[in-house]
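Quick notes on the structure that follows.
The values are calculated or read from the model by the stated rules, or taken from the named source; none is laboratory data. Small disclaimer: the values here were computed from a predicted structure and weren't measured. Cβ placement follows ideal geometry from the backbone for every residue including glycine, while neighbour counts extend to all protein chains displayed. Areas reflect the complete protein model, heavy atoms only, side chains present, ligands, DNA and RNA absent. Shrake-Rupley method; radii C 1.70, N 1.55, O 1.52, S 1.80 Å.
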Amino acid sequence: MAIQKVEKVAVIGAGAMGSQIAMVSALAGFRTALYDVAAEMLDKADASLRGHMENRVKKGRLTQQQVDEAFARLSYEKDLASAVRDADFVIEAVVEKLDVKRAVFRQLDELAPPHAILATNSSTIVSSKIADATKRPDKVCNFHFFNPALVMELVEVVRNPQTSDDTVETAYWLAERFGKAPIILNREISGFVANRILGALMDEAVWLYEQGIASFEDIDKAVTKGLNHPIGPFALMDLTGIDVNYLVRMQRYRESGDPKDAPRPSIVEKVAKGELGRKTGKGWYTYS
Ligand SMILES: NC(=O)c1ccc[n+]([C@@H]2O[C@H](COP(=O)([O-])OP(=O)(O)OC[C@H]3O[C@@H](n4cnc5c(N)ncnc54)[C@H](O)[C@@H]3O)[C@@H](O)[C@H]2O)c1
């Protein structure tokens, strides 16, 4: 297996995902640069990561020395060129907008060494929509973490038609070195694997509810008590935001044109009423 040697990782975008992905990388022993266009996001990332690490030390999961060494490997960069100049593997985790991602990849292609792999953490934008912004489409793939990246183990490595075997193998190897559990998707598909399965579960739950088969509380109970899931589909929708479910389905519907993919009527109704879940105090359940 022709595994590329990765010594330096650069993470672009220091929001919810990028900050934790950078910490995962630094904890795994890689020199890691974290860059964001907004300098205040770097300060916020540092404060949040220090809080998380302090907790882990308190709980005995990490030693103070491990944490200190990880922070010594992690640099916060305000300049993209210095972040990626000597990077072997770049993980883009900027805002979920295609034009922004394409512009970032164009810059990365100019600034990162020619051998560097350029991966995107995007949940919904497949890398074939970005790869042609670079002159190295064979070195571009999706490298999809789950939130929170410090905790969740799955990483989906998704190849686009031009991604080389070496890129896929290196991404898989790196995810394992990160202490994660990678899987490979041989072809691009909207939603990838885990979120498609979750979506199918949620669809079935909403359909059963809309048919009047059972209350949403009882459907959640069936899933937690009968299938041993840690949380039911309705409670989970409240946690992630019912608008997120709506937007994901709208995008899939726009892509496929298949009415089966459109958001379910009860979801449309919740969104119209502004009942989006925990963040608005009411979704399927009411929160105080
Ligand atoms: N939040 C999730 O649950 C989740 C899970 C898996 C994957 N993702 C993917 O991760 C990516 C980031 O999501 P997030 O939730 O961390 O978003 P976020 O809004 O928390 O962070 C995005 C960051 O990107 C920065 N940014 C914007 N434009 C930039 C640019 N041109 N260069 C550098 N930085 C720039 C912003 O300042 C912000 O700090 C998205 O592609 C999303 O699909 C998100």
Cβ pairs under 6 Å, 6+ apart or interchain, first in region 9-22 and open to solvent by less than 20 Å² (accessible area, probe 1.4 Å), second modelled with pLDDT under 95 and within 8 Å of the ligand (Cβ to nearest atom), ordered by first then second residue, are none
Any residue at all in region 206-226 that is outside any helix (DSSP H, G or I), free of Cβ contacts under 8 Å to residues at least 40 places away in the same chain and surrounded by 18 or more Cβ atoms within 10 Å (Cβ to Cβ)? no
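Restricting to region 233-248, what's the tally of residues that are free of Cβ contacts under 8 Å to residues at least 60 places away in the same chain and either among the small types (Gly, Ala, Ser) or farther than 20 Å from Ser215 by Cα (or both)?
First pass over region 233-248, keeping only residues free of Cβ contacts under 8 Å to residues at least 60 places away in the same chain: 233-247.
If we keep only those that are either among the small types (Gly, Ala, Ser) or farther than 20 Å from Ser215 by Cα (or both) as well, we get 235, 240-241, 243-244, 246-247.
The qualifying residues number 7.
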Top-ranked residue in region 118-159 [being part of a loop (DSSP other than H, G, I, E, B) and of a type in the set (Lys, Arg); ranked as surrounded by the most Cβ atoms within 10 Å (Cβ to Cβ)]: Arg136
If we only count helices (runs of 4 or more DSSP H) wholly inside region 1-97, which ones have 2 or more residues that are at pLDDT 95 or above and within 9 Å of the ligand (Cβ to nearest atom)? 16-27, 39-58
When region 233-281 is examined, which residues are found to be open to solvent by 50 Å² or more (accessible area, probe 1.4 Å) and touching a Leu at 6+ places or on another chain (Cβ under 8 Å)? Arg278
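Against the definition (assigned by TED's automatic domain parsing to the domain that holds Pro265 and among the hydroxyl-bearing types (Ser, Thr, Tyr)), how does Thr167 come out, yes or no?
So Thr167 fails the test.
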Suppose we filter region 160-186 for residues that are surrounded by 22 or more Cβ atoms within 10 Å (Cβ to Cβ) and not hydrophobic (A, V, I, L, M, F, W, C); how many remain? 3
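Evaluate the following for Val37: is it out of contact with any Ser or Thr (no Cβ under 7 Å at 6 or more places or on another chain), surrounded by 20 or more Cβ atoms within 10 Å (Cβ to Cβ) and over 24 Å from Val158 (Cα atoms)?
Details: out of contact with any Ser or Thr (no Cβ under 7 Å at 6 or more places or on another chain): yes; surrounded by 20 or more Cβ atoms within 10 Å (Cβ to Cβ): no; over 24 Å from Val158 (Cα atoms): yes.
No, not satisfied.
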